[in-house]
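The values are calculated or read from the model by the stated rules, or taken from the named source; none is laboratory data. This structure is a prediction, so every number in the text was calculated from the model and none was measured. In this analysis, Cβ positions are derived from the backbone assuming ideal geometry, glycine residues included, and neighbour counts consider all displayed protein chains. Surface accessibility is based on the protein's heavy atoms, side chains included, excluding ligands, DNA and RNA. Shrake-Rupley method; radii C 1.70, N 1.55, O 1.52, S 1.80 Å.
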Amino acid sequence: MELKKGTLHPLTLVTDEIVGILSCMGFVVATGPELEDEWHNFDALNVPKDHPARDMQDTFWLKPSQSDGSPDQASLDVGIKNSGRKVLRTHTSPVQIRYMQKHTPPYAIIVPGKVFRNESTDAGHEMQFHQLEGLMLGKDISVAHLKGVLLEFFKQFLGPDADIRMRPSFFPFVEPGFEVDVFHNGKWFEVLGAGMVHPQVLKNAGVDSNVWQGFAFGFGLDRLMMIKTGIPDVRLSYLGDLRLNQF
Amino acid sequence: MKISYNWLKSYIPQIPDPKELERVLTFHVTEIESLDKLGTGVNEDWVFDLKILPDRAGDLLCHLGVARELSGLLGLSFTDPTPQYKIPESHPTKLEIDIQTNKCRRYMGRIIRNVTVGPSPEWVVTHLASIGQRSINNIVDASNLVMFNCGQPTHAFDLKKLASEKIIIKEADTEIDFPVVGSENIVAKVKPGDIVIADTDNILALAGIKGGTNSGINIDAPYTTDILLEVANFDPTTVRKTGQRLSLLSDARKRFENSVPVELAEYAMREFSALILEMCPDAVFEDLIDSFGSVIPDSDPESSKKQVSFTTDIISEHLGVTLTPADIATILQNYKYSYAEENGNFIVHIPYYRQDIQGIHDMVEEIGRVYGYDRITPTLPLFQSGSTHDETYLKIQAVKKDLMQKGYSEVMNYTFTKKGEVQVARGPKGKEFLRTNLTDGMRESFEKNKLNAPLLGLLDVQLFEIGTIFKKDKEEIHVALANKKGIEEMTLIEYFIKNNMSVMPDSIRHPENFSLDSGSGSGMTQFVMWSPYPSITRDVSFWSDAELTEENFVSIVGSSLGSLSIRTPYMIDQFQKDGRHSYAFRFVFQSYEKTLTDSDVEGEWLKILDVLKKEGFEIR
């Protein structure tokens, strides 16, 4: 009997398709650690300690005895990298910082990866899930380009009838900040947060905001997978159940 | 934050209808979590629940703020009722305010004697009810009304409960238990560093968060007759830290931790006083004491000290539209921002209530959201990047492809486990550690999938996972494979080397390098949820004269499959003997409604056997 090929997790297939579309548009893949330090996950991204903005994400901190050294507010205050407590990354945005620290613009990157949020679970929420981050920096990258990239992406990913709309919102690491909804199968879905990279974030990562500007976006890969395939519950992804691999 | 349509309308007579207002707010200001109609006819009102995020929490957590924003956004006339308030006659006071910490940014106190505590007038009750707030009594209601109206939290003490007419604002110097108001009878454990309001003997309130049970207004006998109004301002970080530690939430805390502008206190005290006067016409007001003394901060937007300079070009470049100076000027004029412009170069004076506007990037948003993001034309950037994809990612993709070709199927398991070397604080119950291996998860997964093998059309289950494991001092990407012989685990690099693999560097814009086409032939179609009930399998072995593929077989029996057949039959064995072919196929039955019994499937099974016999197969 011939060897049957195996099946891949729908999340892998969806991520693969998304990476393919975006890499044709000029984005390259970057990756980073799942266990981050406070500076990369929060401070560098303009989310200071003791600020309400930290409430926007529920965090898994490591138990204190395991941090590298002391909680070290002093190091955080002066922006020393790799400082602060260890944390399971709450978003893939820290990899933006890591990439910016090591490369000179112009560049465009995407970061698919696992992230962790300390929230109660239900059909739409899990404690671990996957996100994809995008970042494009150049001399004149604008909101119009962000719209262009996202619209083209969704038309390829969901079909030519897909459309997007942008609403004002807030994330500490971008300004202006947006929520972007996508139109698919007759409905509008909230799918991603985006914005122009905040000058403070550029500064923290060693990029001159007088010369370079650009956008960043982030969406849940599980959510896009669910919108495209009709998988009804995000928790199904992580049960280790092959009945999920229907594609 | 709940906002009443009618309340807004009192500021903006020409406010658009609720549906249009919903659209305007959503696309130009902020997300609306819900919009509900209240009451009917002449009592009809609409309540918007606005999602106010940290950037606008400094000015939009009140009706005045939202009304002012709408007036600027839509260029509608704005009527501020404050100048119409009656100003009470005021008498000399002996009130003393002693601020002992710089964490109190401003303190205004005012004694009022001879108040009558009682139910509030109907209009106050209605106003509060429209935003989901309960009426308590006229004094407390007035305090809340001021906060929901202009965003400045206020408080009222029962003056007779104070040791003397001296108010002290300081940081607590010892640990002390302090009962606070509220339905849950909470006793706050005050620590040094917490800002407290006190008299010469005791703490009276946790500044900016909650008042104490020892100093509040009495609604029963003995009734409060003399009160002390507090309109103050406290350091946001300290209020937040104290509130977080004590898990005390309040509308006041929410505003203070996002920073209330110090300029707001005057307006609020005027409103607070006027409300008390209206509800207690016989009350006797004493002079207010302001910690700012005679140096009152100028709340006139025209003379704001904070300025932002920008050019029309910079705004246009960031948004990706071509704006004219006139486009920008119109927006600034509607918002009544004071500015100067020459040749497209703007200098704008930022009013005190917009603490969030710090630089050019903030003005890009101010102009952009008013202009309308829908008016920005999507444009694809011409982007040529010289970089290559991350090697780790390419390796992972290569290994996934390799394993898939070898017949392994992918699963993803949980990172959180019962035991490990790295522990999270407040993790999922019973799973506070990060996995040190993939094997444990694979073992569970393997057993589970073995049971479902028939449903999956598999004779043997072969699984893989590629994921991160966490050792005490580092994280590593591992590959784990499971089959009937056992589970093998190694690092990604080890797998790579062991299988003599390589990745193509420089694989940008080469989609085939990412193609993980699983070969099933289907593009993404729709997912079908599986049944929670167990399945039944039936196997059939037979001799066939001709050679047979699985595909042939499926097309032969296809039409005879009933509704209980949950999948196409699949081959489980084949061999040849004396020129004849022997095959064995497995059929799987399952219901979405119940657990099937043998008798449930008998009918369909016999039909299938019938078709096989008619085809000429010799069933064994």
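Heavy atoms only, probe 1.4 Å: what % of the accessible area of the range A:108-222 goes to carbon and sulfur, would you let me know?
Reported share for carbon and sulfur atoms: 46 percent.
Could you tell me the relative contact order of chain A? Use alpha-carbon pairs under 8 Å, at least six residues apart, and round to a whole percent.
22 percent.
Pairs of Cα atoms under 8 Å, at least six residues apart: use those to get the relative contact order of the range B:7-165, whole percent.
About 21 percent, as a whole number.
Quick one: what do you get for chain B if you divide its Cα Rg by 2.2 N^0.38 Å?
Ratio of Rg to 2.2 N^0.38 Å for chain B: 1.44.
How about B:LYS607: which lysines have a C-alpha closer than 23 Å to its C-alpha, ignoring those fewer than 8 places off in the same chain?
Here the lysines satisfying the reach criterion relative to B:LYS607 are B:LYS594.
Quickly estimate the mean residue ellipticity at 222 nm for chain B, helices only: each DSSP H run with n ≥ 4 gives -39500 (n - 2.57), and the total goes over all residues, rounded to 500.
-8500 deg cm²/dmol
Counting Lys +1, Arg +1, Asp -1, Glu -1, what net charge surrounds A:LEU132 among other residues with beta carbon under 13 Å of its beta carbon?
-2
Please list, short to long, the whole-number percent of alpha-carbon pairs of the range B:320-388 in consecutive 10 angstrom bins beginning at zero.
Taking all Cα pairs of the range B:320-388, the binned fractions are 15, 45, 23, 12, 5, 0 percent.
Give me D for the protein assembly as shown in µm² s⁻¹, whole number, from Stokes-Einstein with Rh from the Kirkwood sum over alpha-carbon pairs, 25 °C and 0.890 mPa s.
78
Distance cut-off 24 Å, Cα to Cα: go down the list A:LYS228/B:LYS448; B:LYS419/B:LYS448; A:LYS228/B:LYS471; A:LYS228/B:LYS474 and report the pairs above it.
Listed pairs above 24 Å: A:LYS228/B:LYS448; A:LYS228/B:LYS471; A:LYS228/B:LYS474.
Could you name the lysines whose alpha carbon sits less than 18 Å from that of B:LYS191, not counting residues in the same chain fewer than 8 places away?
B:LYS103, B:LYS170, B:LYS210, B:LYS241
Taking every pair of alpha-carbon atoms in the range B:521-620, what share in percent sits in each 10 Å bin, from 0 to the bin with the longest distance?
Spelled out bin by bin, the range B:521-620 gives 14, 43, 29, 12, 1 percent.
How large is the convex hull of the C-alpha atoms of the range B:1-43 per residue, in Å³?
Cα-based convex hull of the range B:1-43, divided per residue, equals 89 Å³.
When the gyration tensor of the range B:100-143 is built from Cα positions, what are the square roots of 5 times its three eigenvalues, in whole Å, from largest to smallest?
27, 16, 7
Please identify the longest segment of chain B free of exposed GluC sites (Glu not before Pro), where exposed means a DSSP state other than H, G, I, E or B and no more than 13 other Cβ atoms within 10 Å.
B:185-546
Measuring from label point to label point, each 7 Å out along Cα→Cβ, what is the B:LYS418 to B:THR82 span in nm?
6.3
State, in angstrom, two size descriptors of chain A derived from its alpha carbons: Rg to one decimal place and Dmax to the nearest whole number.
18.5, 66
Roughly how much accessible area, to the nearest 100 Å², goes out of reach of solvent when A and B pair up, both sides summed, probe 1.4 Å?
8600
Would you work out the Kirkwood radius for the range A:174-235? I mean one over the mean of 1/r across all pairs of different Cα atoms, in Å.
13.6
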